[in-house]
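The values are calculated or read from the model by the stated rules, or taken from the named source; none is laboratory data. Just so it is clear, the structure is predicted and the values come from calculations on it, not from any experiment. As a convention, Cβ positions derive from the backbone with ideal geometry for all residues, glycine included, and neighbour counts pool all protein chains shown.
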Amino acid sequence: MDELQELVTHDNHVGREATDPAATATKTSKLELTVDDVIEEYVGSIGFSQLIHVFLVSFAWIFDSQNTLVTIFSDAQPSWTCKGGGSWCNPGSTGSVCNIEPGYWEWIGGNISSTIAEWGLVCDQKFLAGIPASLVFLGSILGSAAYGCLADSYIGRKKAVLLSCLLTSITAFLTSFSPNVWIYSLLRFSNGFARSGIGICCLVLSTEVVGRKWRGQVGQFGFLFFTAGFLSLPLIAYPNRTSWRNIYKIISLFPFLYSILILPFVSESPRWLIVRGRNKEAMQILNRLARLNGKKLPQNLAISHSSTNLNESVSTKSLWSTRWAARRMLTVMIAGFGIGFVYYGLQLNVENLNFDLHFTVAVNALMEIPAVFIGSMLLSFTDRRLLTSSSAYIAGASCILCIFFSRKNTGKKEQVEGEAKNSWPQLTMEAIGFMAASTAFDVLYIYCVELFPTNVRNFAVSMLRQALMLGASIAPLLVVLGRLSPSLSFLAFGALAIFSGLVTIWFPETRNAPLYETLEQQEEEEKLSSFSNSEVELGKH
């Protein structure tokens, strides 16, 4: 009887399953979608959860900006004045302390107001003043490569940001105790290496959780925080204008506090987890994002094989071993070199304008705000290639126009007051040029994210970062030359900006294109897309 009862029960259960298609489908079928489809259809292209995530991640850009640009104040050439009698000590007639006997002049603000004042980096030691700033960017070149590999292949985006923030805090704090210019230069190199992971990893971590239509705007959001860090520097530097060491101590606190108070609430990129074969963790993050957006993922959802973990591909196929990707990467780096040279060069070159240093830095920082908003607005409906090139052209033209407004400036200190009225047009053109360079700089980062797939995306962005920093590392040398001939520096900035705009002609357009997960997938999909576009064109004719 028991066996008969079990048989009847089993038949009834099978019968119920047969008459319940939903139950059968839930049990036997899976809904396979790509990560892009999951985000667009179930998580939401952008919602409350992604906004919070992007805000928390992008906040770290503040520290990247502070540690990059702090040399504007710490390594500034301070003003000087005569002291103790010496009737022949006259700033108006000499214009340089090199022509005055030691003891008859002094630095305004004291001997520790900047590194130049403390270590006497003037006259025959003048060339040493540009070394620390150049080494910051050279350190960033090496750091970008290291963080790019770590973030793509080993520790992921979130842990790379954590490592970068902690090392940035430590190196900035140690810099404040530098006993001489050589140790200072070494620590600035270390700081450049340490902080280079913040920008590249934060950008990728932000854009990989939103829908394709919002990638540009989300990327621009990070640059808004970079601007906030830039704007904060005059506020930090002015109260500490008599001690450059205090500036470093203050900016060293922020990344440490961020690492322990904010970063624990940030999620790892689900795209990176999937590429590394950690699908369960990726689904947990996608579920959490969907839940905070008031949505829910289907229980039978699975990531399709076109975008899942391809460990063999990750380990055996690199960006440089794929011809199309290597060619594209080199083109991006060439454009990045010129844009980085102009963007950072104009920031450092503010000391060659006839205005107060704190004022000109604040003006340039404020110009980044419209650059971010204009870039965000235009990215929603403008092709990336057109926006990048046109911004570079405007930056180049503005720099060249600065030459015509600087011809009357002979560079002598005694002429500052008389020429101040003629400097406003120059400052205006410089500000416009910097705003355009900032737009090109920001958009190029977004462009790079979209040009390469997940398994090499962080590495590609790190290579762009290296090119940008290589250009930036040369800029301080041109700034020193600009003290003798401002026209020559502006001409170099303008020429390289226009050249970078021309290079972007070879980029493919990526607006509203999906983010691919592997090199093979992107190559195949782009070929199909190109073939389809060709058929459409033939059909028109």
- line: Listed by first then second residue, the pairs whose first member lies in region 56-72 and is in contact (Cβ under 8 Å) with a residue 60 or more places away in the chain, whose partner is of a type in the set (D, E, K, R), with beta carbons under 8 Å and at least 6 positions apart or on separate chains, are Phe63/Arg195; Asp64/Arg195; Asn67/Arg195; Thr68/Arg195; Thr71/Arg188; Ile72/Glu351
task: Please indicate, with yes or no, whether at least one residue in region 354-364 is in a helix (DSSP H, G or I) and of a type in the set (Phe, Trp, Tyr).
output: yes
message: Looking only at region 491-518, filter to residues that are modelled with pLDDT under 85 and hydrophobic (A, V, I, L, M, F, W, C); which one of those is farthest from the chain's Cα centre (by Cα)?
response: Ala513
query: Cβ-Cβ below 6 Å, separation at least six or inter-chain, first residue in region 459-485 and of a type in the set (D, E, K, R), second at pLDDT 80 or above and crowded, with 24+ Cβ neighbours inside 10 Å: which pairs?
result: Arg465/Ser144; Arg465/Ile200
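Yes/no per residue for (1) surrounded by 14 or more Cβ atoms within 10 Å (Cβ to Cβ); (2) at pLDDT 85 or above; (3) over 18 Å from Glu208 (Cα atoms):
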| position | (1), (2), (3) |
| --- | --- |
| Lys280 | no, yes, no |
| Arg288 | yes, yes, no |
| Leu292 | yes, yes, no |
| Ile303 | yes, no, no |
| Thr308 | yes, no, no |
| Ser313 | yes, no, yes |
| Leu319 | yes, no, yes |
| Met329 | yes, yes, yes |
message: Can you pull out every residue in region 172-204 that is surrounded by fewer than 24 Cβ atoms within 10 Å (Cβ to Cβ) and under 13 Å from Ile251 (Cβ atoms)?
response: Phe173, Leu174, Ser176
query: Give me the pairs: first residue in region 26-42 and more than 15 Å from Glu208 (Cα to Cα) and modelled with pLDDT of 80 or more, second residue among the β-branched types (Val, Ile, Thr) and surrounded by fewer than 14 Cβ atoms within 10 Å (Cβ to Cβ), beta-carbon distance under 8 Å, and six or more apart or on different chains, which are they?
result: none
- request: Would you check which residues across region 205-243 are farther than 17 Å from Ser65 by Cα and assigned to a helix (DSSP H, G or I) and list them?
  value: Leu205, Ser206, Thr207, Arg212, Lys213, Trp214, Arg215, Gly216, Gln217, Val218
- request: For Arg212, indicate whether it is modelled with pLDDT of 85 or more, in contact with a Pro (Cβ under 7 Å, 6 or more places away or on another chain) and of a type in the set (Lys, Arg).
  value: no
message: Anything in region 87-102 that is modelled with pLDDT of 70 or more and not in a helix (DSSP H, G or I)? List them, or say none.
response: Ile100, Glu101, Pro102
Residue count for region 48-77, restricted to those that are surrounded by fewer than 19 Cβ atoms within 10 Å (Cβ to Cβ) and in a loop (DSSP other than H, G, I, E, B): 1
